[in-house]
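Participant: One structure, pasted below without further comment.
The values are calculated or read from the model by the stated rules, or taken from the named source; none is laboratory data. Since the model is a prediction, treat every value here as computed from it, not as a measurement. Quick reminder, even Gly has a Cβ in these numbers, built from the backbone with ideal geometry, and neighbours come from all protein chains shown.
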Amino acid sequence: MRVRCFVTVLAALALVPLVSAPAVAQDEAPRTSWGAPNLQGVWDFRTITPLQRPEELGDQEFLTEEEAASLEREAVERDLRLWEAEARRTEAGGSVGAYNNFWMDRGTNVAETRRTSLIIDPPNGRMPSMSEDGQRRADERRARRQVSPADSWLDRSSFDRCILGFNQGPPMTPGGYNQNMQLFQTEDHVVVLNEMVHDSRIIPIDGRPRPGIDSWTGESRGHWEGDTLVVETIDFSDKHSWRGTTSERHLIERFTRVDEDTLLYEFTVTDPGTWTAPWTAQVPMLLNELPLYEYACHEGNYSLEGILSGARADEREAAQQQ
């Protein structure tokens, strides 16, 4: 896990957030030796901009400069308050629960676009309503978690089981920590390597056919549309449900290097089995000069053992009370 707390502390001391214009400008972006747009680098997609627009903001699409600065200042101050409170509890011998705030790395800045949500379509900045089948499955999942949340490891998510990272998708969405992606490219391939959980998605861009084999992260194929790399992914395994989606979901991702330091990532998800309409989000990613380290999820990970052991202990206690 990569900790950048010194950056946040400096920001807290200065309390001078950097706020950019409401749109990402298209400047001259670097190119590879063979003439393609150069998308390579480590890209940081932390942001405090929510995926969905808060309902109280209604039709407000963009934050003012003052509103953005206020949210960023509040994020820094909130982190400092949490660190101080957790330090006091630890010194007093109290438990901090699961991860304490020190390990979280949500960021302290709104997205460069100053949008009120990462979702740009529908225009209200929120996911479409769920389909009838999507709502039924969501209700069933909720009921199943209440009755048997840990009968076996199969009841736990791919995140608990260290198979996939909770922010890697695809599509990639900010959340929690380890919010970096490294992109490599050749003339006929692109590789998307997510810090969470060091998963490499190898994407041919030479027009080769798909094998038609389902996988955890689907089967991706890419092509260039002008200076934008467009990646289409289908053939998702039904073993992994991203935000409750079905294996029939269809994903379109767009990667555009708009300047030296910014990669604009846009994705559209279509899944009639889950939502009544497609929806699209934009995530400006910022160039990170730090290297990408391995996130060794399984090594030293006792969470799954603890979850299952705790469930068995609850069952024994319930049986003794009967």
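Participant: Can you name the residue in the stretch 237-287 that is within 19 Å of Leu164 (Cβ to Cβ) and among the basic types (Lys, Arg) and, of all such residues, is surrounded by the most Cβ atoms within 10 Å (Cβ to Cβ)?
Facilitator: Arg249
Participant: Here's something else I'd like to know. Taking into account only those residues within the stretch 232-272 that are aliphatic (A, V, I, L, M) and without any contact (Cβ under 8 Å) to a residue 60 or more places away in the chain, which is nearest to Asn180 (Cα to Cα)?
Facilitator: That would be Ile252.
So that you can scan it fast, the table gives a plain yes or no per residue for (1) out of contact with any strand residue (DSSP E or B) (no Cβ under 8 Å at 6 or more places or on another chain); (2) assigned to a loop (DSSP other than H, G, I, E, B); (3) closer than 23 Å to Val269 by Cβ:
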site: Phe184; (1), (2), (3): no, no, no
site: Val191; (1), (2), (3): no, no, yes
site: Arg208; (1), (2), (3): no, yes, no
site: Asp238; (1), (2), (3): yes, yes, yes
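Participant: May I pose another question? Hey, does the stretch 146-155 have a residue that's of a type in the set (A, V, I, L, M), at pLDDT 95 or above and buried (at least 17 other Cβ atoms within 10 Å of the Cβ)?
Facilitator: No, the stretch 146-155 contains no residue that is of a type in the set (A, V, I, L, M), at pLDDT 95 or above and buried (at least 17 other Cβ atoms within 10 Å of the Cβ).
Participant: Is there any pair linking a residue in the stretch 288-299 that is in a loop (DSSP other than H, G, I, E, B) to one that is among the β-branched types (Val, Ile, Thr), with Cβ under 8 Å and at least six apart or on different chains, and which?
Facilitator: Between residues of the stretch 288-299 that are in a loop (DSSP other than H, G, I, E, B) and residues that are among the β-branched types (Val, Ile, Thr), the close pairs are Glu289/Val42; Leu290/Val42; Pro291/Val42; Leu292/Val42; Tyr295/Val197; Cys297/Val197.
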